[in-house]
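The values are calculated or read from the model by the stated rules, or taken from the named source; none is laboratory data. Here the structure is a predicted model, which is why all the values come from computation and not from measurement. Neighbour counts are summed over all protein chains in view; Cβ atoms, including those assigned to glycine, are modelled from backbone coordinates with ideal geometry. The accessibility values were calculated without ligands, DNA or RNA, using every heavy atom of the protein model including side chains. Shrake-Rupley method; radii C 1.70, N 1.55, O 1.52, S 1.80 Å.
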Amino acid sequence: MNGIKKHKKLIALVVVLAIMIYLSFNSYFVFVGINALINAIAVMGIVIISGYAKQLHLGQSAFLGIGAYTSAILMTKCGISFWVTIPVAMVIAGVFGWILSIPTLKLKGGSYLALVTQTFGEIIYVLLLNMEWLTNGPFGITGIKAPSVGPVNFVHLQPYFFLCLAFVCIVYFALKRIVKVKFGRFFISIRESEEAAQSIGINTRKYKMIAFVIATAVAGLAGVLYGPFIGYLSPEQFRWQPSLILVSMAIVGGLGSLEGGIVGAVILTFLPELLRSTDQLRMILYGVIVILTLAFLPDGVISLFGKKPREIKAMLSAQWGILSDKALRRKKKKAKALK
Amino acid sequence: GCGGSDSGTIRIGAVGPLTGDSSNGGTDELEGKQLAVEDFNAAGGIDGKKVELFSEDDASSASQSASAVTKLINQDKVVAIIGAHNSACTLADLEVINKYEIPMITPGSSAETVLTSGCKWISRSFPGDGLQCSALINYITTTGTPKKIGVIYSNDDFGQGGLKSLTAAAEAKGLEVASESFANEDKDMTTQLSKLKSENIDCLFIWCQYTPGALIMKQARALDWDVQFYSGTGTIHEDTFSLSDGSYVGCINSVPFTSTSTDPKVQDFVKRYEEKFGEAPSQNSARAYDATMILLNAIKAAGTTDAAKVQEAIRNTKDYDGMQGNISIDPETGEYIGDVMIVQAVEGNTWEYLDSASTN
Amino acid sequence: MLAVNNVSMHFGGLVALNEVSMTVKDGEIRGLIGPNGSGKTTMINVITGFYSPTKGTVEMDGQVISGKTPNAVAKAGLCRTFQNINLFSEMTALENVVTAASTHQTANLASAVFKTKALKDQEKQCYDRARELLDFVGLAGKEEIKATNLPYGQQRLLEIARALATDPKLLLLDEPVAGMNEQESDEAANLVHKLRENGKTILLIEHHMKFVMSLCDTLTVLNYGKVIAEGTPSEIQNNEDVISIYLGKKRGK
Amino acid sequence: MGLLSLQIVNGITIGMIYGLAALGFTMVYKALGYLNFSHSNTITIGAFVIYTVVFSCNIPFLAAMPIVIVFMLFYGFVLEKLIFKRFRKASALTFMLVSISLSTVVSNICQLIFGPQPRALTNVFPNIKLSIAGVSIPFNNVCIFVIAVLFLVILQLFFSKTKFGLSLRLASEDPATASLMGIKVLNTRAATFAITAALGGIAGMLVSPLYSVTIELGSSLALKTFIAAVVGGLGNFVGAVAGGVLVGVTESLASTYISSAYKDLIVYVAGIVILAFFPYGIFRRVKTKH
Amino acid sequence: MLSIEHLSCHYGVIQALNDVTINIEKKGIYAIIGANGAGKSSLINVLSGLVPASSGKVVFEGKEITDLQPHEIIKTGISVCPEGRKIFKSVSVYENLLAGAYTLKDKGEIQKNVEMVYEFFPRLSERRKQLAGTLSGGEQQMLAIGRALMSNPRLLLLDEPSMGLAPNLIDFVFDTVVKIYEETELPSIIVEQNSEMALSIADYAYVLEVGHLTMEGTGEELLASDEVQKKYLGA
Ligand SMILES: Nc1ncnc2c1ncn2[C@@H]1O[C@H](COP(=O)(O)OP(=O)(O)OP(=O)(O)O)[C@@H](O)[C@H]1O
Ligand SMILES: Nc1ncnc2c1ncn2[C@@H]1O[C@H](COP(=O)(O)OP(=O)(O)OP(=O)(O)O)[C@@H](O)[C@H]1O
Ligand SMILES: [Mg+2]
Ligand SMILES: [Mg+2]
């Protein structure tokens, strides 16, 4: 009961959004909507690893790739059912996540982690590109079909949208439960002080690994959903640029909470599409909007939720004070006046 | 495929990279498409209806390309689409056009797989890798007696597509192949070249876009290596001369179009293109111009915007007289049927005609 | 309970601990004092596994714990506080303690996802225990305050509560009353007394002489990484060496 | 002349370019404690600006260099005053993301201004080749080598010996306390960005005649540069250049003896493995917290 | 010399200082005592420019310094040894001292000051090359005090200089403060938890309670006061 109450807003939001999109019947929006949902799943993984455990992760899309390719290869080459590939892909992505976690355990600075995770993503890319016998190299895998269950054929965008929505909800609630109990607390303790966490008996190595495995397995799931959605996989789709976009989604939405991740994914998936009419200015505007969001909402867009307009205004103007160095300028002015 | 002609115009879509890595190719293509639409409208359009071009950027990303095509079809209600540039993007688009049954014609994706993936709605309006490579290999075996060829290619859809076709053509003639790849981020290919040089090859095929291609030529010459260069459409560009610091001179290319051709039809096109865009058309521009014209002629011939009819008309294109010469489309596969020239880059930033091959 | 056998700790050329041996008996309050830089904190770091000694071993109830990771040492029943306060600063006071209490939980990921009854019970126990401990150290009512926002002295108390939540047999306190005023340090002394009554063994470092002398059963004095004296507070206070290198004339008798 | 030694020399030549680019990268880290992903833009901008100055103003390359350096100093300064300054209290992650987004913005603006076509900047270095161990190296590469080493020494001395260098280090560790010492923290930050932008610009100017001037010139070097700086130990100038050479040689040998398709993979794996054993890079003293 | 008039400061809604007025005319050693959170450090931070005053003004040697920034304040001659030492951990002991002399130009003078600090604290001289972050707590405190002496200050602000020091060192630090005052006539303001020590060396002292100034008097007067005895000396 309490749970439902707490998430009331979010549930309402999702339902409204879903109905809107369904009613609109604009396949293009539904298409972008599916993309947003798939991103949301991957971004929730980033929230776990980077938001809770503060392990920077700039290689998430590689794990999406691992999931997508695993599922696609199993479906197209071995004829295995889509549903069966879900757990397999999650396990394989998780195993790779575990491998990635090993060299990161000793690293202290975020900068070093940034390198290792980003480079790991590139390693996966090179493998996908060159293991032609398995992945068909740069030409990729075509003809990945969504399944149908009874009368519902997920090849159509609308049903697929709801399938993805269902998975977003499952992942959200599962992760929410995980972070509410000791796992979440231990992840945060690693973020706050690794030494202190160890001093009370937390095996920080183990929990960092768990965080990586959860984050990457979730990305694997996102990858499985991505395959039939685009229908075609090529290595370029899983390089570091999309990884950076996923991290941007997490931060713009609010790295501190799963809800923030979802919000960020929705916003930043729709933004470049809404900006399509601006042609050459598109990516410039996109970048500027991300920077402005970071400047005014350091805790992400989610920090606007549940606040009254007056509070929002106060928050923004306080932030403007910091950004424009109001205090500093006032001081300077006064000092000058004195001289 | 519904609508598209309600508002009194015929809507067609264009997709290609306008930002990001291959944006120079994509921008050239878009200009070609724009000029073609302008020419076509000036000539009266279709039954008095004007053609309107809707262009979307795919930033060379497969997923963005699929998204752009979904938008063109659902939002802009286009009748047919010209694109994409990168083979990987076109492959992603195929899934979408297959679902919505919208014809597409690509002026830029040369990989064989684009047509062999089983999608019935795609056609190609320029010579693909297979045609280009067999023409080149034919040329070297008829003009000399090489034993072993070297290939340096970009490790992406374009380069690997070329490598596959080259290897197939070379092995058919009993030639050995030594190959090295480079990543698109690489700027210095001296290492790969040094290795190829040590393998005693008779000629070097450079299969990539012109920016890295020019660097390869320059760096090969810096190794005091006077091997004969061969290349495909990728490196044909006026800028290749300057970018390679002149090392391009002597290189033999397969190509469907050069702006220095003496054909009056081509000269007229070049002149008008230069007036409009301030630079000579690259072969990308010409290919896109032809693709657009073929599509628009097909719509006109079909007499309707019904997708199936338009698609049938595209596939039945016969002897269209374009910038690349006489073009037909294979009704079965959608493959380009026409000429490919073998030219040699010579001093004065121009090319000399050597030979030509044709599937006509 | 705790035995430190011939432990040396070198940092490059610097010898921070030099063949130190000492034992701590069950139930005692042991003080570790010595001039700044004499190796006291290093000693705690070695005992709790943050450093592994260059030479020698540390045993807890007969089992060697040196060379183990800090978390393994903590599992063996030793818990420490830090000289420079080291809390989970963005968590509330309660969460800090709950986190430590939940190190004893057996829950796995699946039981978390499916919210099993066993897990719910364990969670409730942790929260109850944490509240109890906050109350015990005198932080009742501060549960929901973020750790960073607590005053300095209360942060030190919170660190002790957090350590207690792991149910240690031996508690190691590094300068627990630094930065507290007299009144507060008296309260802290009471707390330590109560802990001993609850059966905890305590090893503490402190420069606050009134606190140390009134509280400890035995004192060990380190200087340049060597034990130079061991004895009851009054013995130590009268030890000429200790007076000259550590206590200073005013405090010696 | 064996293939092996030839390829090692080739590797070193490429590696020095990574090293030169890594110097600026590592300097931002040293002075701010953050990674600035938009640093690779400065390489591109340096290349485009010198191209523009040389060709549209008809000024010889060498005379154009100081103009470009001044421009780059200004660019870095403005960027800091306009954007980075406002994020000085943000978390490292946010700062990184800002720099990544900024990089997207700047490179797209560059494309708007200069267009997507590559340009050739030829005949600026004398066409002499130096022969080392039988391998001939273009004069341009020799210049890069010399300048990289020169900068390395200058930066090293600057940071360890000068008062300004010390103040940069202090301000990066603890800005508030540094200001108590009398250090104008905001000015040191602006200076840092200006200097690193100039370093990037110089790298861009030196490599552009060797390669061509393209929009992705900087970003194509970015990952290898990043690896070079990190493997060498962030904040360590000798490490950055040595790391660059290490990356270059590994790449070259892997390409020759294993496979050119997998050469990058080998460099990446080697980088990660090195970090797994030397968490602070090969050339950095391990710092222990007390 | 230093006058603080009706000074207040806020952190958001929390008021840390409330209308504090202190007037110091002649040179000497001044102490400020008070419980945790009384606002002692806040006062030091306002004086050193780290925290802006919300009202009131501070005048040092006839010059108003209320709105100056930290790097300007040190130039006026006020030098701080901040709470929690705040030494620069990643650089050497010697470089920390150089940092303290950042405002000085003359190399010889800087060297002379370094020698002076080494003389006060020979332990630092032994460790001059060591990274400051690896010093023991007490060594760090010595370094922080030493660093504050490097800029030839005319007023020294010490925020809890005895924290974490061995008993004999506490004596030593207080003796040093007295000695510094006697030898160089450098006046200082000491903020302390160790009220007994502080009051015993102070010429004059102030008591802060939740942001208010509640008592003042000479060191002996306050030591003798019942209230101070009860609240701060744990008698
Ligand atoms: N990680 C390290 N690297 C190098 N030297 C160290 C390290 N840790 C401690 N030291 C040195 O070892 C000596 C002992 O330090 P330690 O922290 O144990 O002293 P302490 O007795 O706790 O002093 P204090 O009472 O001042 O806290 C000091 O001289 C210190 O500089
Ligand atoms: N940065 C800050 N943000 C918010 N509140 C603060 C901040 N710094 C101090 N405070 C609050 O201001 C009040 C005065 O703090 P201050 O640090 O000046 O006390 P103090 O007398 O120095 O105490 P202590 O003896 O513990 O050092 C306290 O209530 C404290 O919680
Ligand atoms: Mg200590
Ligand atoms: Mg204080």
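What the table shows:
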read-out: Some residue of region A:234-255 being in a loop (DSSP other than H, G, I, E, B), more than 10 Å from the chain's Cα centre (by Cα), within 13 Å of chain B (Cβ to nearest Cβ) and within 25 Å of A:V30 (Cβ to Cβ); value: yes
read-out: Region E:33-60, subset in a strand (DSSP E or B) and open to solvent by 10 Å² or more (accessible area, probe 1.4 Å), residue farthest from ligand 2 (Cβ to nearest atom); value: E:V59
read-out: Region C:155-175 - residue that is assigned to a helix (DSSP H, G or I) and away from ligand 4 (no atom under 16 Å from the Cβ) and, of those, farthest from C:L87 (Cα to Cα); value: C:L164
read-out: Residues of region E:122-159 that turn out to be closer than 22 Å to E:V191 by Cα, away from ligand 3 (no atom under 16 Å from the Cβ) and either within 14 Å of chain C (Cβ to nearest Cβ) or open to solvent by less than 40 Å² (accessible area, probe 1.4 Å) (or both), as a count; value: 13
read-out: Options B:K187, B:K120: the member that is in a loop (DSSP other than H, G, I, E, B), charged (D, E, K, R) and open to solvent by 40 Å² or more (accessible area, probe 1.4 Å); value: B:K120
read-out: Residue within region A:215-228 that is within 14 Å of chain B (Cβ to nearest Cβ) and open to solvent by 10 Å² or more (accessible area, probe 1.4 Å) present; value: yes
read-out: Helices (runs of 4 or more DSSP H) contained entirely in region C:15-115, each with at least 2 residues that are more than 21 Å from C:K200 (Cβ to Cβ) and away from chain E (no Cβ under 14 Å); value: C:93-101, C:109-113
read-out: Condition met for C:A178 (under 15 Å from the mean Cα position of the chain (by Cα), within 16 Å of ligand 2 (Cβ to nearest atom), modelled with pLDDT of 90 or more and of a type outside the set (F, W, Y)); value: no
read-out: Residue list for region A:169-179, filter: facing chain C (nearest Cβ under 8 Å) and open to solvent by 20 Å² or more (accessible area, probe 1.4 Å); value: A:A174, A:R177
read-out: Test: residue in region C:181-196 that is open to solvent by 30 Å² or more (accessible area, probe 1.4 Å), basic (K, R) and within 16 Å of ligand 1 (Cβ to nearest atom); value: no
read-out: Looking only at region C:143-154, and only at residues there that are open to solvent by 30 Å² or more (accessible area, probe 1.4 Å) and in a helix (DSSP H, G or I), the one that is nearest to A:S189 (Cα to Cα); value: C:T148
read-out: Count - residues of region C:155-175 that are within 16 Å of ligand 3 (Cβ to nearest atom) and open to solvent by less than 10 Å² (accessible area, probe 1.4 Å); value: 5
read-out: When residues of region E:81-119 are limited to those that are among the polar types (S, T, N, Q) and either under 15 Å from D:G165 (Cα atoms) or at the interface with chain D (Cβ under 10 Å from one of its Cβ atoms) (or both), the one least open to solvent (accessible area, probe 1.4 Å); value: E:N96
read-out: Residue within region E:61-80 that is more than 18 Å from the chain's Cα centre (by Cα), among the hydrophobic types (A, V, I, L, M, F, W, C) and open to solvent by 10 Å² or more (accessible area, probe 1.4 Å) present; value: yes
read-out: Which numbered condition A:R185 fails, given (1) within 30 Å of B:S67 (Cα to Cα); (2) among the basic types (K, R); (3) crowded, with 24+ Cβ neighbours inside 10 Å; value: (1)
read-out: All positions within region E:101-138 that are assigned to a helix (DSSP H, G or I), more than 23 Å from the chain's Cα centre (by Cα) and within 16 Å of ligand 1 (Cβ to nearest atom); value: E:E126, E:T134
read-out: One residue from D:G239, D:G244, D:G218 being within 14 Å of chain A (Cβ to nearest Cβ) and within 13 Å of the chain's Cα centre (by Cα); value: D:G239
read-out: Region E:169-196, residues that are under 23 Å from C:E206 (Cα atoms), away from ligand 2 (no atom under 15 Å from the Cβ) and open to solvent by less than 40 Å² (accessible area, probe 1.4 Å); value: E:L169, E:I170, E:D171, E:V173, E:F174, E:T176
read-out: Which numbered condition B:I97 fails, given (1) of a type in the set (A, V, I, L, M, F, W, C); (2) more than 9 Å from chain A (Cβ to nearest Cβ); (3) surrounded by fewer than 24 Cβ atoms within 10 Å (Cβ to Cβ); value: (3)
read-out: Subset of region A:43-101 that is outside any helix (DSSP H, G or I) and open to solvent by 20 Å² or more (accessible area, probe 1.4 Å) - its residue that is nearest to A:V213 (Cα to Cα); value: A:K54
read-out: Region B:47-90, subset touching a Ser or Thr at 6+ places or on another chain (Cβ under 8 Å) and basic (K, R), residue most open to solvent (accessible area, probe 1.4 Å); value: B:K50
read-out: Close pairs from region D:6-21: first facing another protein chain (nearest Cβ under 7 Å), partner open to solvent by 10 Å² or more (accessible area, probe 1.4 Å) and among the small types (G, A, S), Cβ under 9 Å, at least 6 apart; value: D:L6/B:S198; D:L6/D:A133; D:L6/D:G134
read-out: Conditions (1) outside the structural domain of C:E184 (by TED's automatic domain parsing); (2) on the phi > 0 side of the Ramachandran plot; (3) not small (G, A, S); number of the one not met by C:I160; value: (2)
read-out: Condition check for C:N84: under 28 Å from C:E132 (Cβ atoms), without any contact (Cβ under 8 Å) to a residue 40 or more places away in the chain, within 16 Å of ligand 3 (Cβ to nearest atom) and out of contact with any His (no Cβ under 7 Å at 6 or more places or on another chain); value: yes
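The rows are residues; the columns are (1) within 16 Å of ligand 2 (Cβ to nearest atom); (2) open to solvent by less than 10 Å² (accessible area, probe 1.4 Å); (3) small (G, A, S).
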{"residue": "D:S219", "(1), (2), (3)": "no, no, yes"}
{"residue": "D:G233", "(1), (2), (3)": "no, yes, yes"}
{"residue": "D:G239", "(1), (2), (3)": "no, yes, yes"}
{"residue": "D:G243", "(1), (2), (3)": "no, yes, yes"}
{"residue": "D:L246", "(1), (2), (3)": "no, no, no"}
{"residue": "D:G271", "(1), (2), (3)": "no, yes, yes"}
{"residue": "D:F283", "(1), (2), (3)": "no, no, no"}
